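The structure appears right after this line, and notes come after that.
Every read-out reported here was derived from the displayed coordinates using simple, explicitly stated rules and does not represent laboratory data. Remember, it's a predicted structure, so these values are computed and weren't measured experimentally. A quick note on method: Cβ atoms are made from the backbone with ideal geometry, for glycine too, and the neighbour counts reach across all protein chains shown.
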Amino acid sequence: MRLACMSQDSLRSRDRAGEAALRAIALFLALALPALAAVDGKVVNKTNGQPAAGVTIRLTSVGAGGMKPIGRTETAADGSFKFDMATDGMLLLQANWQGVQYTQNLPPMMPKSGIEVIVYDVKAKLDAAKQTQHIVFLEGNGQNLITTEMIIYTNDSLISWFDAKKGTARFFLPAGVKFEEVKAHVTGPGGMPFERDLMPLGEKGVYAVDYPVKPGESRFEISYTAPKPAEFAGRILEPGVLSRLVVAPGMDASGDALQLVGKEPQTGATIYDLKKPVFQVKVNGTGTFRAAQSAPQAQPGQMGQAAATQTEDDGPQVESIAPAGYDRNFWKVLVLCFAILALGFAAMFLKGGVGSGRKA
């Protein structure tokens, strides 16, 4: 009789433990699943160190089908924001403050709660935003001379420089360049390259790019085909800036504005200092930066890192391709697997408890 009572007590004890385990699993799922459906955080104005109220926030989904808007809101008085709709996969969080947009990537495996978005006040004129380098890259096949001009700006302040009327970085396009074939790309601090339009400034051949120079380093690249395959005439608009000409391996250049610096060790490209703001050079041979590359850093923009101490790398990257639906369902699958394992554990626990009761 005493043995039977002990067996029943043991069984009830294990039943209670099993029920507690199941309640813990249910609580976990109740807490975990809503977290998948919320994106929240706060916008901070680093110029004054205060929360930014009234900032427009947009949430966008990025997938194989392109970019899909999810929602739009504005920050509260304390700078906070929240999106309650279901969200998964790769997301972009975009904050617009004083006409300038700040973008933050939200990868699938990163937390979506408590995000801090940084914005800055904007000025149309800012001495702290300075052009530090202007590099001209040339490559050719004997018929076309492909040109990429790269201007690097540094902004050591806590203010963004943006003049919507006059633009920011200024370029000179040589006579004969087909304007409709010109491509302009801008890479902001820690960001991805964006294609932008050129703005004519009234002076012949002079254009600007309407993109803000945020605190940190920004890179502007203009690509076009020069009108002559063996000659290039250029102009550096910013006085006193470090200016260089870089020609692809297999090519060389000559002209009274050039001073040889040397060869870039990884690609074999030849580097020249430009001693005059207005220059004309003759180009011999053929070559391409891409043909010489053994790694992504040999693209003109990356090759210029060694030539001009540029450190940001936004060129071709090795991309890991996950199975279809992986990004979209990763967290759901993870939670489901955890739930299945936990339920299985609870079932085994209960089964073990019953067995023990019978043996007792």
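Are any of the pairs LYS178/LYS228; LYS183/LYS204; LYS46/LYS183; LYS46/LYS68 more than 24 Å apart by Cα-Cα distance, and if so, which?
Over 24 Å Cα-Cα: LYS46/LYS183; LYS46/LYS68.
How many Å³ per residue does the convex hull of the Cα positions in the range 101-173 occupy?
173
Just from the alpha-carbon atoms, what are the Rg and Dmax of the range 117-249 in angstroms?
Gyration radius and largest Cα-Cα distance of the range 117-249: 15.1, 49 Å.
Which order do the peptides 180-190, 129-139 come out in when sorted by mean C-beta neighbours inside 10 angstrom, highest first?
Peptide ranking by packing, descending: 129-139, 180-190.
Please report the Cα spread of the range 134-185 along all three principal axes, rounded to whole Å, starting with the longest.
47, 22, 15 Å, listed from the longest principal axis down.
How large is ³J(HN,Hα), in whole Hz, for each residue of the range 130-140 in order, when computed from phi with the Karplus curve 6.51 cos²θ - 1.76 cosθ + 1.60 and θ = phi - 60°, using x for Gly and Pro?
Computed from phi, the couplings for the range 130-140 are 10, 7, 10, 8, 9, 10, 10, 9, 10, 9, x Hz.
So how do 263-269, 65-71, 166-172, 274-280 stack up, highest first, on mean other-Cβ count within 10 Å?
The peptides rank, most packed first, as 166-172, 263-269, 274-280, 65-71.
Stick to Cα atoms and the Kirkwood definition of Rh, then tell me Rg/Rh for the range 230-293.
Working: Rg = 11.8 Å, Rh = 12.2 Å.
Rounded to two decimals, Rg/Rh equals 0.97.
In whole Å, what are the Cα extents of the range 40-119 along the three principal axes, biggest one first?
Extents along the principal axes, in whole Å: 39, 24, 17.
Using a 10 Å cut-off on Cβ atoms, rank the peptides 102-109, 156-163 from the highest mean neighbour count down. Please report the intermediate quantities before stating the final value.
Values: 102-109: 15.1, 156-163: 18.4.
Highest-to-lowest ranking by the protection proxy: 156-163, 102-109.
Give me a comma-separated list of calculated 3J(HN,Hα) values for the range 101-117, in order, Karplus coefficients 6.51, -1.76, 1.60 applied at θ = phi - 60°, integers in Hz, x for any Gly or Pro.
Once rounded to whole Hz, the list reads 9, 10, 10, 10, 7, 10, x, x, 8, 8, x, 10, 10, x, 6, 9, 9.
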